[in-house]
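Please treat every number below as a calculation from the coordinates, not as lab data. None of these values were measured; they are calculated from a predicted model. When we count neighbours, we look across all protein chains shown, and the Cβ atoms used for this are built from the backbone with ideal geometry, even at glycine.
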Amino acid sequence: MEKPKRKSAASAVRDGSNAKRRPRRARRRSLYTPAEVHEIFRRFSIQRPEPRGELEHINAFTLLVAVVLSAQATDAGVNKATRPLFRIADTPEKMLALGEEKLGDYIRTIGLWRAKAKNVMALSEMLIRDYGGAVPDDRDELTKLPGVGRKTANVVLNMAFGQPTMAVDTHIFRIGNRIGLAPGKTPEEVEEGLIRAIPPEYMRHAHHWLILHGRYVCKARRPECERCVIADICKAAVKTNAIPAPLVEIKPEALPEPA
Ligand code: SF4
């Protein structure tokens, strides 16, 4: 009987049968049990039953533009610029009619405004040419648009189309790692960990709850653990208090300015 020939390393790689498999990336686990994660989000849902993003917009197109403009800029700064802009340009057609130069006049207070103006014009053109002027509700299609990365696409899918996505910004990345809810070295790892850990019934709003918690309570420099409703559950090394703050609904106007 003929002995089976040993495959060369190259052919083994080609046909996917490589005996020396690359070590699998170790998945970093959440420090919390499913019951604890459930309780964390139950409390967030009582604090803010209908959380909203702070970027002002009128429709899916203006949301997309606002998110593109918000890279490395504050929501307040973007809102100041887009309020008058969206009154005259709330569709891709109107944005193209406005033109890049006039758009620049509206947004020049926002960092990197020249590159962002170019992207807004190019994405408006592409929306008209390839999508009949509508914003697509699909991540792969969204990320084909100029200036739109995975995070921007996730924000639009969540806020405009109600999809249970997780856009990992600086606050969510910090919280995922600081409290060990979804540890990860990259935003994608934290995104995967959160989607795995968060109960499906809380996914629709989880993105906003985590951002608002990071912006107003679990702040970057000094977390305000004495104002935290999950202080008894939290396993962060930096925690300074273990008594949870009273669980009451927070009205948006009751929020202090973010630090
Ligand atoms: S207890 Fe402190 S560290 Fe933990 S989530 Fe609350 S604010 Fe953040």
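Taken together, the residues in the stretch 205-240 that are more than 8 Å from the ligand (Cβ to nearest atom), of a type in the set (Asp, Glu) and part of a loop (DSSP other than H, G, I, E, B) amount to 1.
Restricting the search to the stretch 43-62, which residues are within 17 Å of residue 211 (Cα to Cα) and surrounded by 15 or more Cβ atoms within 10 Å (Cβ to Cβ)? If the condition is that a residue be within 17 Å of residue 211 (Cα to Cα) and surrounded by 15 or more Cβ atoms within 10 Å (Cβ to Cβ), then 43, 44, 45, 47, 48, 51, 53, 54, 55, 56 are the ones that fit. The sole residue among 183, 146 that is more than 21 Å from residue 49 (Cα to Cα), outside any helix (DSSP H, G or I), in contact with a helix residue (DSSP H, G or I) (Cβ under 9 Å, 6 or more places away or on another chain) and within 16 Å of the ligand (Cβ to nearest atom) is 183. For the stretch 157-180, a residue qualifies if it is more than 16 Å from the ligand (Cβ to nearest atom), assigned to a helix (DSSP H, G or I) and over 12 Å from the mean Cα position of the chain (by Cα), and the qualifying residues are 160, 161.
Against the list (1) in contact with a His (Cβ under 6 Å, 6 or more places away or on another chain); (2) more than 30 Å from residue 160 (Cβ to Cβ), the condition residue 226 fails is (1).
Quick one: count up the residues across the stretch 68-102 that are among the β-branched types (Val, Ile, Thr), part of a helix (DSSP H, G or I) and either closer than 22 Å to residue 150 by Cα or touching a Gly at 6+ places or on another chain (Cβ under 8 Å) (or both). Reasoning before the result, please.
Of all residues in the stretch 68-102, those among the β-branched types (Val, Ile, Thr) come to 68, 74, 78, 82, 88, 91.
Those left that are additionally part of a helix (DSSP H, G or I): 68, 78, 82, 88.
Filter once more, so that each one left must be either closer than 22 Å to residue 150 by Cα or touching a Gly at 6+ places or on another chain (Cβ under 8 Å) (or both): 68, 78.
Residues that pass the stated criteria total 2.
Yes or no: residue 192 surrounded by fewer than 18 Cβ atoms within 10 Å (Cβ to Cβ), within 16 Å of the ligand (Cβ to nearest atom) and over 30 Å from residue 92 (Cβ atoms)?
Values: surrounded by fewer than 18 Cβ atoms within 10 Å (Cβ to Cβ): yes; within 16 Å of the ligand (Cβ to nearest atom): no; over 30 Å from residue 92 (Cβ atoms): yes.
When the stated conditions are applied, residue 192 does not pass them.
Residue 52 meets all of the listed conditions (1) under 28 Å from residue 207 (Cα atoms); (2) part of a helix (DSSP H, G or I); (3) of a type in the set (Lys, Arg) but one, namely (2).
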